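Notes to accompany the following structure.
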Amino acid sequence: MSHVQTPNTRILTIPNLISFARLLGVPLFLYLFLVPHADVAAVVVLAIGGTSDWVDGYAARRLGQVSRLGELLDPAADRLYILATLVAFTVREVVPWQFTAALLVRELMLLGALAVLRRHGYGPPPVHYVGKTATFILLAAFPVLLLAHASSGAEAVAGPIGWALAWWGLVLYWVAGALYVAQVASLVRSAPRKT
């Protein structure tokens, strides 16, 4: 007897709790980094938030708890980590404002594409693997850059590694954005015309 799996609409699932915990790490990181300047603790929070990026998705698939909320929470947590980290890093001059601006312009472009999709009756398309890879690389780069900033002893090694990851992540982030815009354009072109 075949069983058709219906979409999970539950909110309190293990993957969603992991995503909520990741979201709570954003204000904790901002507080530690910007108020008491507890850079070591901020590195730990950032590293856990970044490396746990794949955990919620893996748990959802493994436990059969894929949900619409989870599909929205996971990329939201990723974007919040990236944006919060960029703003904080720019304030404390860990990264130049031009690097932050390059990522923010890409986010604004995607917001515009999402608005076009909604106007044509579409929801957000699934996250592309290039975008997930770019996010993972950026979330890996940030703790390394922070370590280079916080420790003069680690700067000679962590600095070049962190910037190599950061620039690689930025390029892939824009490639993913271009793929997303192309997908939006294709959907809009194929949408039935309203008379």
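The values are calculated or read from the model by the stated rules, or taken from the named source; none is laboratory data. All of these numbers come straight from a predicted model, not from anything done at the bench. Here the Cβ positions follow ideal geometry from the backbone for every residue, glycine too, while neighbour counts run over all protein chains shown. The protein model used for the area step is the full one, side chains on, heavy atoms only, and it has no ligands, DNA or RNA in it. Shrake-Rupley method; radii C 1.70, N 1.55, O 1.52, S 1.80 Å.
Dividing the helix sum by the residues of the chain, where each DSSP H run of 4 or more adds -39500 (n - 2.57), gives a mean residue ellipticity at 222 nm of -27500 deg cm²/dmol. The residues of segment 59-195 present an accessible area of 55 Å² per residue when probed at 1.4 Å with all protein chains retained.
Length available on full extension from Val40 to Phe20: 0.36 nm per residue minus the Cα-Cα distance, which gives 4.9 nm.
Taking 0.36 nm per residue of sequence separation and removing the Cα-Cα distance, the Trp97/Leu12 pair yields an extension gain of 26.7 nm.
Leaving ligands, DNA and RNA out of it, report the carbon-plus-sulfur percent of the accessible area of segment 66-132 at a 1.4 Å probe. Numbers along the way, then the final one.
Working: 2450 of 3520 Å².
Taking all protein chains in place, segment 66-132 shows 70 percent carbon and sulfur surface.
Name the residue farthest towards the positive end of the dipole of the chain from the options Thr90, Phe142, Thr13, assuming +1 on Cβ of Lys and Arg, -1 on Cβ of Asp and Glu, about the Cα centre. Toward the positive end, the furthest listed residue is Thr13.
Let me spell out the model: positive unit charges on the Cβ of Lys and Arg, negative unit charges on the Cβ of Asp and Glu, origin at the Cα centre of segment 49-96. What dipole size does that give, in debye rounded to 20? Working shown, then result.
Details: 5 positive and 6 negative charges, 22 e Å.
It works out to roughly 100 debye.
Largest accessible area first, the residues Tyr58, Tyr129, Tyr173, Tyr180 order themselves as Tyr129, Tyr58, Tyr180, Tyr173 under a 1.4 Å probe with ligands, DNA and RNA left out.
If you place +1 on the Cβ of every Lys and Arg, -1 on the Cβ of every Asp and Glu, and leave all else neutral, what size is the dipole of segment 1-123 about its Cα centre, to the nearest 20 Debye?
Values: 10 positive and 8 negative charges, 85 e Å.
Approximately 420 debye in magnitude.
Ranked from the most accessible area to the least, with a 1.4 Å probe and all protein chains present, what is the order of Ser190, Ser67? Don't skip to the end; give the middle numbers.
Values: Ser190 85, Ser67 5 Å².
Order by accessible area, largest first: Ser190, Ser67.
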